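Read the structure below first, then the notes.
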Amino acid sequence: MRPIFRLAARCALLAAGTLAVTHARGQDPNSQARLDSLEARMRRLELRINRIDPDPRSQTRSAIESGRFGGFVLADNKGVSLEIGGFVQFDAIHDFHRTSNHDAFQPSSILIPNDHKTSTSYSIRQTRFNFIGTIPIGKNSLKTILEFDLFNPDGSSVPRLRHAWGEYGRFGAGQYWSNFMDIDVFPNTLDYYGPNSMVFTRQVQVRYTQPVGEHTKIAVSLEKPSGNITLPADSGYASLQQLPDAVLSIRHDWGTGNHIKLAGAFHPLTYETPALDRKSAPGWGVNLTGAFQLPNKDNFVYQAAYGEGIANYLNDIGGNGYDAIYHSPEKKLNTVPALGLMGFYDHWWSDKWSSTVGWAYLTLKPKAYQPPADFNWSHYGVGNLLWYPNGFMKVGIEYLYGYRNNIDSMNADNHRLQLSAMFKF
């Protein structure tokens, strides 16, 4: 029998015993003591299993990504708890033009040239489950997060690790959202990837957060080296992960749902020559993000990111080798400038209906010696209508538009319709 059901059965047996003792109170002089004992045991068991009911409007994408929604909680009367949560999501996706990514909307994956053939796919890969543990230790609590989804890079539905994170007081370590990004500006989309230009990555890191006021905090982190560079093929050159990324951020919150965050990243890029000489090029970036909530509880989120050698942080092109390009005649690794802009507006028709509209733009400043078919810039647009029949479900339809332009000005676009249903547990 599962632990949850065993606890429920024990509660039921204790409740029955309490009723029996209450009935026998007038016949047994010790019945009051027995009743008090049984009631105390029931209170302890009730503390061990609980369900946090989500508040209205808690199924938004940023709330889900940041873990601000309820799960089943197992706890005891000493404050130790384990929260089990997640959701099942079904996606029906129809593309009007050809793309190589059928499960998430990624403008850089639009095929060029494009024969405009349509395709339809069904997916459950957004399905997710997580475990959050809390243990009071001294003046602080030790919090751990373990989270998986089914969005495996190889296209399978094998569970994939998203977060493995622990924090105690002001210190945190493990794999979690990069300090350079702001998960609270993720727009309320059904699409898995989200905006092309968003700084969006999970990093293995160690982080320290220092409050500097009632509503302001500074965080500094050392994150896993993750340079993604293009080196001469079959030449013996090798990309190295030698120095960690250093990220510093400051965030200020005010009112309800309002914040602004400024983050800076130093992103060293290192490679080794065939002669085993090691050389580096400095990558860097700044990221300004924020959210503004209107009096009617509508929400506007934005981001402006710029840097050189930070393509690996950007949602649409991370991992494609655009942090830096090696130029053989110069015998030099040159970083690629990148700019990412986005703005999205969430409108709530009521607590059960909402819509999100917005646009994002991503551009690189290519080098003259790059291949003409390399990525240059892209657009990402979205509009949706979402329905929340209760605190545990979300159903919606979404229109997505993407446009890709290469260095040689060859381009193509794609239109997508996505119908999704999410069921939280």
Tell me, what is a quarter of the convex hull surface for the C-alpha atoms of region 293-387, in nm² with one decimal? 7.4 nm²
Angle between the chain longest axis and helix 3-23 axis [Cα atoms, degrees, rounded to 10]: 20 degrees
The whole-number value in µm²/s of the Stokes-Einstein translational diffusion coefficient for the chain, with Rh from the Kirkwood sum over alpha carbon pairs at 20 °C and 1.002 mPa s, is 89 µm²/s
HN-Hα couplings for region 118-129 via Karplus (6.51, -1.76, 1.60; θ = phi - 60°), in whole Hz with x for Gly/Pro, come out as 8, 7, 10, 9, 10, 8, 10, 6, 6, 3, 9, 9
Using each residue's phi in region 370-384, evaluate 6.51 cos²θ - 1.76 cosθ + 1.60 at θ = phi - 60° and report the 3J(HN,Hα) Karplus result to the nearest Hz, with x for Gly and Pro. 6, x, x, 8, 5, 5, 10, 7, 8, 10, 9, x, 8, x, 8
For the chain, calculated [θ]222 nm from helices alone, where every DSSP H run of n ≥ 4 adds -39500 (n - 2.57): -3500 deg cm²/dmol
With axes computed from alpha carbons, what is the tilt in degrees of helix 31-48 against the longest principal axis of the chain, rounded to the nearest 10 within 0 to 90? 10 degrees
Inter-label distance, nm, simple model (7 Å from Cα along the C-beta direction), ALA304/HIS327: 2.9 nm
Which whole number in µm²/s is D for region 119-267 by Stokes-Einstein, with the Kirkwood Rh taken over Cα pairs at 10 °C and 1.306 mPa s? 89 µm²/s
Which lysines does LYS143 reach when only Cα atoms under 17 Å apart count, and residues fewer than 8 places away in its own chain are ignored? LYS78
Calculate the dipole size of the chain relative to its Cα centre from +1 charges on Lys and Arg beta carbons and -1 charges on Asp and Glu beta carbons; express the result in debye to the nearest 20. 1340 debye
Can you list the residues, at least 5 places off or on another chain, whose amide H is less than 5 Å from the amide H of THR201, using H built in the peptide plane? SER178
With θ set to phi - 60°, apply the Karplus curve 6.51 cos²θ - 1.76 cosθ + 1.60 along region 62-67 and write out the HN-Hα couplings as whole Hz, x wherever there is a Gly or Pro. 5, 5, 5, 5, 8, x
Once the dipole of the chain is set up from charges on Cβ (+1 Lys and Arg, -1 Asp and Glu), the residue from the list LEU364, ILE218, TRP349 lying farthest towards its positive end is ILE218
Relative exposure of SER81, SER178, judged by other C-beta atoms within 10 Å (fewest first): SER81, SER178
Just need the relative contact order of the chain here, percent rounded to a whole number, with Cα pairs under 8 Å and 6+ apart. 14 percent
Cβ-based charge dipole, the chain, positive-most Cα from ALA75, PHE105, ALA412: ALA75
Across the chain, where is the longest run that never hits GluC sites (Glu not before Pro) in a DSSP loop with at most 16 other C-beta atoms within 10 Å? 1-213
Go ahead and run the numbers for FRET between VAL395 and LYS224, Cβ-Cβ distance against an R0 of 51 Å, rounding to 0.05. 0.85
Output for region 125-188: trypsin sites (Lys or Arg not before Pro) sitting in coil per DSSP, at most 12 other Cβ within 10 Å, listed by number, reads LYS139
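Each reported figure results from applying straightforward, stated rules to the coordinates on display, with no laboratory input. Not measured: the values here are computed from a predicted model. Positions of Cβ are backbone-derived with ideal geometry, glycine not excepted, and every protein chain shown enters the neighbour counts.
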